[in-house]
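Participant: Quick one: the structure is below, and I'll ask about it shortly.
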Amino acid sequence: MELIGLQWGQILALVGAALAVILSGIGSSKGVGLAGQTAAGVATENPEVAGKLLILQLLPATQGIYGFLVGVIVLINTGVLAGQMVDVSVTQGLLLVVGCLPVGVIGWYSAVKQAQVAASGMLLTGQRPDMSGRAITMTVMVETYAVFALLVSFLIVNSVMG
Amino acid sequence: MAIVEMQRLTLLALKSDRKKLLSALQAMGCVEVTEAPDEVQEYAAQAAPAHHAQHLTDIRWALQKLAKYDTDPKPIFGTFPEIDHERAQDVLARSQDVLGLIRRLEAIERRRGELLADEVRVRAAKDALEPWRGLEVSMRDLTSLKTTDQFLGALPARNLPSVLDALHGQPVTITQVGQDRDRALVHVAAHKSDVEAVRQALSAHDFTRETPADIEDRTPAQAIAAHEARLAQVEAERGALDEETATLAQAIRDMKVLHDLFELEQKQAVAMQRSAETDQAFLLRGWVPKRAGAAVRQQLLNLSPSAMVALQEPQEDENPSVQLQNGPFVGSFEPVVEGFSLPDYRSVDPTALMAPFYATLFGMMLSDAGYGLLMAIAIPIYIKVKKIKMDYSRMLRLLMYGGLATIIWGIAFNTVFGFNPVPQITSWFPFDPVNRPLEVMVLCMGVGVLHLFAGLGMAAYMNIKRGDPLAVLGDQVGWALLLVGLGLMLLPDTQRIGQILALVGAGLILLLTKRGERNPIKRIFGGLGALYGISSWVSDILSYMRLFGMGLATGVIGMVFNQLIGMVWAGGIFAKAVAVVLFVFSHLFNLGINALGAYVHASRLQYIEFFGKFFEDGGKPFRPLDMKTRYVSIQSAKAQ
């Protein structure tokens, strides 16, 4: 695939894919990092709950996966993965960028917020291991919006190149 | 299949029989001892259970310190080493020896701390001396002589040549003996007549006097050697301590047994503290499952014929402890309920109704038949091989049933390890989330409505059981009619009937929500407020869209992995080998992360959407006086 001589629409499509991965990836990296720090702290006090803490730490990781997913769908639909990028009009390119925004932006924000809840949930779990189910539920509440963003991103991105 | 019925057990017996009776209760493991009633507060037992608490903490500390020598497998799923009665008695007889070992371990750890402090101090002293190593005299040899003054000091290395220049030809020698970063350490010997001039020249070049610390009459090299000898000594002592710790570690099993014996006694002591007593007799109250009540009573009477044992149904104002009892399938889903909260003793156990929904939702979210098959095969094998007992394998079995449901939904969504092998049978089956998402969205919301209506049905059942038909009409039937009606209104053929149903439903809600209110205006306004609850129904139903989102994530990530691995596969034989390894690991990763997601989101849909319709929480778990311990499983004498 030749990179020079791309159409504007194709460039926009790649920008969209990159945004989906970058923004949600930043959020998840921040989130998992924050949750990991708290997990390590709580585990020094109470090593027995370490397993439960790992689940909580993993929860903010999913946003990055959602972003990756949408990014790859853009790459598939525009033929990048097949090795021959198809024609993309400027309108289509713009629509792809728009489609990538929900999972990118909401992914970023919700991953960070989810990590904060996860961190508090870890403190709760450290003090009262029997409450770990509640802590996980509280954390998953935040994820709802990332899942919705993924859905909408997917529906837009998947319909543009039809 | 429900919440276990409890009976109030009251035991009045001679104090001389107390030990015997408590041991029997503990071995039976089905009576939870509760606080003595208020009337007998003044007779509260004086027994202090604290005397083992310190030992328990000590032993746990020791076991933590010895953890790396511990060869027993970690009892994640309750596979404890079994200890027979004789062995336990033997350890108990040697308890002072075992505790002595722990005291020795404490001493070792203290000594380790001292050694560490020593090491840090000696190492710092040695490092400070290191630059002076080249000085071949001791401080005593550096005192002033009859005609000569001598001293040590440091100056920036780059100033050394100019200082030598400045003092050239004068009766002074400056010898560099060492280097400390960018400073030169020097020995200065000057004739007394000239000392002042030398000093001035030196200080003009940033010279400061400095001497190696604490070497007394040794040369720096000798002092360093002494420090090194001390460090070696520390190391050797540490090695000896390590060896001794390793020998102490042979007693790990004894420590575990002793810990658990003490813990059992501690449990008895706590139960004893809850009893009331006089000089001769004691009174103990607790909860016992109804089915075990008579047997417990008989056994207690056999042991102590003079005892009085009463069994009563719980009073209205009493709140018995809650224990769930279900068959092997439904029982696997109990951890989900317990993760939220146990139901109130007088409500219903939701597990049986929840179980099939949980498996369904889990399957829709994991939605890859290959992954499901893997779970459904691997988990039972794991349970068999590890010989995990029923009680401890609930979580694993829950995942296994989830795996079974995943196989079905994986086929329905046409996904097997990220491939799409199922041929299109009808225009809609199998579903195609990527190309025909609308059908899947409708399916997800349909499953959601079923789930929510099941919850509504549960609430209706509870209201009927309590003899409150108006509540059923207003809170459940009304809503069901309204929602079904609104749904039918969306379809052109059934619009008319839908309108009627919706209006009847709304009317019921309007009139019956504030059943207790006599003022008709307040009553209607209360109903209007309740009607606003339609928005929460909308958000509840939309929440099931996550089924689609999570399912999509598994399927598409698997597909993407396959595409990427397909590129590797196109290479030669070596590339194919790499591709196989990649395939295994990437799909295991996808399975892991999405099974976790499916588990937590399926739980959430139960807790918030489903339980929100009917669940009454607040049951306190049934914690009987029993033989459950931390490290080992001790067989009682009778069991053998």
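The values are calculated or read from the model by the stated rules, or taken from the named source; none is laboratory data. Source: prediction; values computed, not measured. In this analysis, Cβ positions are derived from the backbone assuming ideal geometry, glycine residues included, and neighbour counts consider all displayed protein chains.
Participant: May I ask you to list the residues in segment B:439-456 that are among the small types (Gly, Ala, Ser) and either under 19 Å from B:Asp475 (Cβ atoms) or surrounded by fewer than 18 Cβ atoms within 10 Å (Cβ to Cβ) (or both)?
Facilitator: B:Gly446, B:Ala454, B:Gly455, listed by residue number.
Participant: A further question on this structure: Does B:Ser138 meet the test of being among the small types (Gly, Ala, Ser) and at pLDDT 85 or above?
Facilitator: Answer is no for this residue.
Participant: Anything in segment B:323-344 that is away from chain A (no Cβ under 14 Å) and within 14 Å of B:Lys620 (Cβ to Cβ)? List them, or say none.
Facilitator: B:Gln323, B:Leu324, B:Pro343, B:Asp344
Participant: Which one of the conditions (1) within 14 Å of chain B (Cβ to nearest Cβ); (2) buried (at least 20 other Cβ atoms within 10 Å of the Cβ) does A:Val42 fail to meet, given that it meets all the rest?
Facilitator: (1)
Participant: Give segment A:63-84 a look and list any residue that's facing chain B (nearest Cβ under 7 Å) and at pLDDT 90 or above, or say none.
Facilitator: Hit for segment A:63-84 is A:Tyr66, nothing else.
Participant: Also, I was wondering about something else. When segment A:133-156 is examined, which residues are found to be buried (at least 22 other Cβ atoms within 10 Å of the Cβ), farther than 15 Å from B:Phe548 by Cβ and of a type in the set (A, V, I, L, M, F, W, C)?
Facilitator: Passing the criteria: A:Ala135, A:Ile136, A:Val140, A:Val142.
Participant: Out of the helices (runs of 4 or more DSSP H) lying entirely within segment B:50-141, which hold 1 or more residues that are within 30 Å of B:Met395 (Cα to Cα)?
Facilitator: Passing ranges, in order: B:53-65.
Participant: Looking for something part of a helix (DSSP H, G or I), touching a residue at least 40 places away in the same chain (Cβ under 8 Å) and crowded, with 19+ Cβ neighbours inside 10 Å - is there at least one such residue anywhere in segment B:423-436?
Facilitator: Among the residues of segment B:423-436, not one is part of a helix (DSSP H, G or I), touching a residue at least 40 places away in the same chain (Cβ under 8 Å) and crowded, with 19+ Cβ neighbours inside 10 Å, which makes the answer no.
Participant: Something else now. Among the numbered conditions (1) closer than 30 Å to B:Gly239 by Cα; (2) surrounded by 15 or more Cβ atoms within 10 Å (Cβ to Cβ), tell me where B:Trp132 comes up short.
Facilitator: (1)
Participant: Take B:Ala378 and decide whether it is of a type in the set (A, V, I, L, M, F, W, C) and either at positive phi or in contact with a helix residue (DSSP H, G or I) (Cβ under 9 Å, 6 or more places away or on another chain) (or both).
Facilitator: The answer is yes for B:Ala378.
Participant: Within segment B:285-391, which helices (runs of 4 or more DSSP H) (wholly inside it) include 1 or more residues that are charged (D, E, K, R) and in the same structural domain as B:Ile408 (by TED's automatic domain parsing)?
Facilitator: Correct list: B:334-340, B:369-386.
Participant: Next question, about the same structure. Exactly one condition in (1) away from chain A (no Cβ under 11 Å); (2) free of Cβ contacts under 8 Å to residues at least 40 places away in the same chain is not met by B:Arg623; state its number.
Facilitator: For B:Arg623, the exception is condition (2).
Participant: Provide a single number: the residues in segment A:122-140 that are under 19 Å from the mean Cα position of the chain (by Cα) and more than 7 Å from chain B (Cβ to nearest Cβ).
Facilitator: Count: 2.
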